[in-house]
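Enquirer: Handing you a structure now.
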Amino acid sequence: MTTEAVIVSTARTGVGKAYRGALNNTEGPTMAGHVMAEAVRRAGVEPDEVEDVVMGCAMQQGTMVMNVARKGAVRAGLPVTVAGTTIDRQCASGLQAIAVAARSIMLDGVEIAIGGGIESISLVQNDHMNRFHAVDDELMAMKPEMYMSMLDTAEIVAERYKIGRDRQDEYSLECQRRIGAAMQAGRFNDEIVPITTTMAVVNKDTREVSYQQVTLSKDEGPRPETTAEGLAKIKPVFEGKTITAGNASQLSDGASACVLMSDKTATKKGLKPLGIFRGFVAAGVEPNEMGIGPVAAIPRLLKRHGLRIDDIDLWELNEAYAVQVIYCRDKLGIDPDKLNVNGGSIAIGHPYGMTGSRLAGHILIEGRRRKAKYGVVTMCIGGGMGAAGLFELVN
């Protein structure tokens, strides 16, 4: 009999604003351990029943190097018998981690595993990055687009496919509206576990740094008071171009974890899963238009499972930039009413390695609320890729 991998719990931090938010001084293992411990508690399993932990992390520097998944497992209070590995598929790292954990259950006899993602942009990006031998000169000569920033690739997609500033701002406004309604209705409450931590505060005048204890219990990024007029006033990053701070996701910090187990183990323990992992695919596209990645990944995923676009009840399409989701939605013919129904990363923020796991947890909880059957989590990926994961929801 085929073994199925089911997701029985999920937990995440609120998404913090990078550099100036509540998680700007929280080390990766501590953040990862916090959500792992809560996911295990919510699953109702003993810590020593977990066999392996798989975490995604895109910016593996600082305390995220040398296997933050294993460090996070120890920080979570899991026994040293619990193994861990960290993987990098950039913006799909958290989703890939869930897929790897699920496959270990389906194929290798693992009974219980954790899959999730972590990113601490505050502590590793920009001035904190290790730039020693950061560029392979031979690769640069061969394919310079591999080193192109996501911002540049987004402008290429906007220009190449004629997606103007007005449409990007329109989508972003709707994203903020939806997340405002979702927050008011408490639709993220079952995901977020509050975290009390130490935040670094910079004095604007003296630049002195002080520290204060804070508790993060909700996402810091949403701006539901956003107006069309306000978005229109924001200057583009590049003069004469279309991408602005209003139609792009903010830099963010956060962690997310899901507990997965075999369907037989869930039945034995009397646990009702949130959903069933059905499959994951990745596909490559030209690096200079990485934002179109889901258009390559989604048809491959659906074909392998005998499904069509209209068979999917809920879509979570992660966007670093509004232009990306607009292109993919229109190209594939996805119903806007099924897409990012409670807002998306434009409003919440996008901690690269965390987001795929956050979206998986959210689509499972929201799917049950809506009595949906199938949900797809998908995203574009730095370097020129797209990924998509299929989940069957359990109502």
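Enquirer: Give me the pairs, please: first residue somewhere in region 221-239 and over 16 Å from Ala347 (Cα atoms), second residue anywhere and open to solvent by less than 60 Å² (accessible area, probe 1.4 Å) and assigned to a helix (DSSP H, G or I), beta-carbon distance under 7 Å, and either six or more positions apart or on two chains.
Expert: Ala232/Asp169; Val237/Leu151; Phe238/Glu155
Enquirer: Go over the candidates Glu49, Glu38, Glu4 one by one and state the one that is under 25 Å from Lys269 (Cβ atoms), within 20 Å of the chain's Cα centre (by Cα) and of a type in the set (Asp, Glu).
Expert: Just a single option satisfies the conditions, and that option is Glu38.
Okay, residues lined up against (1) in a strand (DSSP E or B); (2) open to solvent by less than 70 Å² (accessible area, probe 1.4 Å); (3) in contact with a Cys (Cβ under 9 Å, 6 or more places away or on another chain); (4) at pLDDT 95 or above:
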{"position": "Asn130", "(1), (2), (3), (4)": "no, no, no, no"}
{"position": "Ala134", "(1), (2), (3), (4)": "no, yes, no, no"}
{"position": "Ala141", "(1), (2), (3), (4)": "no, no, no, yes"}
{"position": "Leu151", "(1), (2), (3), (4)": "no, yes, no, no"}
{"position": "Glu155", "(1), (2), (3), (4)": "no, yes, no, yes"}
{"position": "Glu170", "(1), (2), (3), (4)": "no, no, no, yes"}
{"position": "Thr198", "(1), (2), (3), (4)": "yes, yes, no, yes"}
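Enquirer: Please enumerate the residues belonging to region 65-98 that are farther than 28 Å from Gly279 by Cβ and either in a helix (DSSP H, G or I) or in contact with a His (Cβ under 7 Å, 6 or more places away or on another chain) (or both).
Expert: Matches in region 65-98: Lys71, Val74, Arg75.
Enquirer: Still on this structure, please answer the following. Please determine whether any residue of region 331-339 is within 21 Å of Gln184 (Cα to Cα), open to solvent by 10 Å² or more (accessible area, probe 1.4 Å) and touching an Asp or Glu at 6+ places or on another chain (Cβ under 7 Å).
Expert: Yes, region 331-339 contains a residue that is within 21 Å of Gln184 (Cα to Cα), open to solvent by 10 Å² or more (accessible area, probe 1.4 Å) and touching an Asp or Glu at 6+ places or on another chain (Cβ under 7 Å).
Enquirer: From (1) surrounded by fewer than 24 Cβ atoms within 10 Å (Cβ to Cβ); (2) farther than 15 Å from Ala255 by Cβ; (3) at pLDDT 95 or above, pick out the condition that doesn't hold for Gln125.
Expert: (3)
Enquirer: Would you confirm whether any residue within region 326-347 is of a type in the set (Ser, Thr, Tyr) and either closer than 23 Å to Ala99 by Cβ or not in a strand (DSSP E or B) (or both)?
Expert: Yes, region 326-347 contains a residue that is of a type in the set (Ser, Thr, Tyr) and either closer than 23 Å to Ala99 by Cβ or not in a strand (DSSP E or B) (or both).
Conditions tested, residue by residue: (1) open to solvent by 10 Å² or more (accessible area, probe 1.4 Å); (2) in contact (Cβ under 8 Å) with a residue 60 or more places away in the chain.
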position: Ala39; (1), (2): no, yes
position: Arg42; (1), (2): yes, yes
position: Cys57; (1), (2): no, yes
position: Thr63; (1), (2): yes, yes
position: Lys71; (1), (2): yes, no
position: Arg75; (1), (2): yes, no
position: Gly84; (1), (2): yes, no
position: Gln90; (1), (2): yes, yes
position: Ser93; (1), (2): no, yes
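Enquirer: Is at least one residue of region 35-44 over 17 Å from Arg358 (Cα atoms), outside any loop (DSSP other than H, G, I, E, B) and not small (Gly, Ala, Ser)?
Expert: Yes, region 35-44 contains a residue that is over 17 Å from Arg358 (Cα atoms), outside any loop (DSSP other than H, G, I, E, B) and not small (Gly, Ala, Ser).
Enquirer: Considering only residues that are touching a Cys at 6+ places or on another chain (Cβ under 6 Å) and of a type outside the set (S, T, N, Q), which ones fall in region 1-38?
Expert: Ile7
Enquirer: With surrounded by fewer than 19 Cβ atoms within 10 Å (Cβ to Cβ), modelled with pLDDT of 95 or more and within 16 Å of Gly382 (Cα to Cα) as the only criterion, which of Gly284, Gly306 stands out?
Expert: Going through Gly284, Gly306 in turn, the sole match is Gly284.
Enquirer: While we're here: Checking the conditions here, which among Ala102, Ala113 is part of a strand (DSSP E or B), open to solvent by less than 60 Å² (accessible area, probe 1.4 Å) and more than 21 Å from Gln61 (Cβ to Cβ)? Break it down stepwise before answering.
Expert: Working: Ala102 fails: part of a strand (DSSP E or B).
Exactly one residue qualifies, and that residue is Ala113.
Enquirer: Still on this structure, I have one more. Out of the residues in region 172-195 that are among the basic types (Lys, Arg) and buried (at least 17 other Cβ atoms within 10 Å of the Cβ), state the one that is farthest from Arg368 (Cα to Cα).
Expert: Looking at residues that are among the basic types (Lys, Arg) and buried (at least 17 other Cβ atoms within 10 Å of the Cβ), I get Arg178.
Enquirer: Continuing with this model, one more query. Return yes or no: is Ile346 under 16 Å from the mean Cα position of the chain (by Cα), open to solvent by 10 Å² or more (accessible area, probe 1.4 Å), of a type in the set (A, V, I, L, M) and farther than 20 Å from Ala32 by Cβ?
Expert: Here the answer is no, as Ile346 does not meet what is asked.
Residue-wise test of (1) among the β-branched types (Val, Ile, Thr); (2) out of contact with any Ser or Thr (no Cβ under 9 Å at 6 or more places or on another chain).
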| residue | (1), (2) |
| --- | --- |
| Leu231 | no, no |
| Ala248 | no, no |
| Leu251 | no, no |
| Ile276 | yes, yes |
| Gly284 | no, yes |
| Val295 | yes, yes |
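The values are calculated or read from the model by the stated rules, or taken from the named source; none is laboratory data. Since the model is a prediction, treat every value here as computed from it, not as a measurement. Here the Cβ is made from the backbone with ideal geometry for all residues, glycine too, and neighbour counts use every protein chain on show. Ligands, DNA and RNA are stripped out before the accessible areas are found, and what is left, the full protein with its side chains, is counted by its heavy atoms. Shrake-Rupley method; radii C 1.70, N 1.55, O 1.52, S 1.80 Å.
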